[in-house]
Amino acid sequence: MEANDLIFKIILLFLVFIITLLVAMYSTYAERKVAAFIQDRIGPNRAGTFGLLQPLADGVKMFMKEDIIPLHANKALFVMGPSIAMTTACLTGVIIPWGGELNIGGKIYSLQITDLNIGVLYIFAMVAIGVYGIMLGGWASNNKYALLGSVRAASQMISYELAMALAITALILKTGTLSLRDIVAQQQGWHWNIFYQPLGFLIFLVCAFAETNRAPFDMPECESELIGGYHTEYSSMRLGFYLFAEYINMFISSAVLATLYFGGYHMPFISHLGLSANTVVMLGTLFFFIKIFLLIFFFMWVRWTIPRFRYDQLMKLGWKGLLPLAFINIFITGLVMILL
Amino acid sequence: MVFLFYLLTAIMLISALMVVFSRYPINSVIYLIICFLMVAGHYILLNAQFLAVVHIIVYTGAVMVLFLFVLMLLNLNAKIDTHRSVLIRIAAVVSGGLLFLVLVAALKGSLTAPLSGKFDSSIGLVKNLGMVLYKDFMLPFEMSSVLFLSAMVGALMLSKRQ
């Protein structure tokens, strides 16, 4: 790798990291505004115009609060929990293709930090490690609500990982590759995977809600039963990290959804406009982010519309509903591929 | 690369030893997770990305989560002080030593013998691995999947008996 490439990759890495944090920060603001809009309220409007400085104010508040570690908690694990949750949440952004290839001075720069040929599986690996953040944190708190929350979170994530992996299997059957860049490259124009895999998309979407612990599957932190779930004992910025990791996960899973099913950075009809190649790439990245923001809005819309499931309903849906459906989806996909 | 190999190996061996020596079950589990992650690192050094990622998904993602699960539900928070009799300790040392002897004897020949055939560094990539599994070793591969299925059905049968 040449020095130029290396510098470009490092800049890209920092950019992705900062954008991830920024989006997560303003997702908290957007969530409150969306909730207010749906419940016919105004929402945060005190800090700055339209309350735009609210995330900053929240951040300062989180940092200034007293950090309490319970007396009978396992200190090392208590500290490790939020760190693992935060780290694994940020790690997935590495393989997402944020845009096409820029041509600067005759050299090609890809707007993706690294293109692993096992990209899709890498996402699963990071999700799998992410469980530990919640499990260890909840267990180390030495609190029954936290323990219940973390046990719920872990079993929920393991159960829905299966259906998610099977939904992706059908997609891989269709695309024939595990590399995210290749999957996006195949979806040029209107050839978005959602039109070829509508059932797979639906299963993946439901599982994404469960994996990110978002409503209607937010049993691990269900306040009417468990106070705060796995983060009951956390305070100050450690609590902030847990909440933040959830918003990062939401951003990343929206990005993965947009990449796998909504054509990634591809825009229909862009080739007819006669723009220069670099402009198309930049517009593509912009379009990719618009898709991501729409999906994040969808996540919030669902949270404030659909009531929470009961835990046995959640397990029933996962094992008896989504899993057989995902198998049927694979079967149909295989059959169609053989016949066509 | 060589430095990375030694770093990974050192962390792996230390954490593997800590699994055995740690007094708290939860620490053992965490050291085992670190050990597995280091094994995945070794796979990446060997250019076997698919194996590395599957290793992480299966072992760190599923098996160890189940271990943690059991620890949580049984609430094995306390330190384990085992007082075993001298006879059992001697038996453990002797049988462990015998196993070590067998392993050394088995590996002794393989270390000195030259590698047969040319090493293909792309064998660990998902495409080549799939070709090998589904073309050359189709029957054993499918048989092992049936074996897993029967294990699952057996576990269900045992738990449903009550």
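The values are calculated or read from the model by the stated rules, or taken from the named source; none is laboratory data. Note that this is a predicted model, so its numbers are computed, not measured. Note that we place each Cβ from the backbone using ideal geometry, even for glycine, and neighbour counts take in every protein chain shown. With ligands, DNA and RNA removed, areas are computed over all heavy atoms of the protein, side chains included. Shrake-Rupley method; radii C 1.70, N 1.55, O 1.52, S 1.80 Å.
What the table below lists for this structure:
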| read-out | value |
| --- | --- |
| Eligible aspartates and glutamates near B:Lys127 by straight Cα distance, threshold 17 Å, same-chain separation 8 or greater | A:Asp115, A:Asp182, B:Asp136 |
| Within chain A, longest stretch clear of exposed GluC sites (Glu not before Pro) (DSSP loop, no more than 12 other Cβ within 10 Å) | A:67-340 |
| From the C-alpha gyration tensor of region B:1-80, square roots of 5λ in Å | 26, 16, 5 |
| Accessible area per residue in Å² at 1.4 Å probe, computed on region B:1-80 | 57 |
| Computed magnitude of the charge dipole of region A:1-148 (debye, nearest 20; Cβ of K, R +1, Cβ of D, E -1) | 500 |
| Per-residue ³J(HN,Hα) for region A:117-133, Karplus 6.51 cos²θ - 1.76 cosθ + 1.60, θ = phi - 60°, Hz, x for Gly and Pro | 7, 10, x, 4, 5, 4, 4, 4, 4, 5, 4, 5, 6, x, 4, 4, x |
| Charge dipole of region A:3-339 about the Cα centre (unit charges at C-beta), most positive-ward option of A:Asn213, A:Phe287, A:Thr305 | A:Thr305 |
| 27 Å Cα-Cα reach of A:Lys291 towards lysines, excluding residues that sit fewer than 8 places from it in its own chain | A:Lys9, A:Lys33, A:Lys174 |
| Selection from B:Ala52, A:Gly264, B:Ser121, by position along the positive dipole direction of the protein assembly as shown (Cβ) | B:Ala52 |
| Carbon plus sulfur fraction of accessible area for region B:121-162, probe 1.4 Å, in percent | 76 |
| Set of lysines with alpha-carbon distance to A:Lys144 below 30 Å, sequence-local pairs under 8 removed | A:Lys61, A:Lys65, A:Lys75, A:Lys316, A:Lys320, B:Lys79, B:Lys160 |
| Residue list for region B:1-36, given a label point 7 angstrom along the Cα-to-Cβ vector of B:Leu45 and an amide N cut-off under 20 Å | B:1-19, B:31-36 |
| Coarse-grained scattering of the protein assembly as shown at q = 0.13 Å⁻¹, given as base-10 log I(q)/I(0) from a Debye sum over alpha-carbon atoms | -1.52 |
| Distance between modelled label sites at A:Trp319 and A:Asp182, nm, 7 Å Cα→Cβ extension | 3.6 |
| q = 0.12, 0.18 Å⁻¹: log10 I(q)/I(0) that the Debye formula gives for region A:49-105, counting C-alpha atoms only | -0.61, -0.91 |
| Surface share of carbon and sulfur [accessible, 1.4 angstrom probe, percent] for region A:10-139 | 72 |
| Phi-based couplings in Hz for region B:142-155 (Karplus 6.51, -1.76, 1.60; Gly and Pro marked x) | 5, 4, 5, 5, 5, 4, 4, 4, 5, 4, 5, 4, x, 4 |
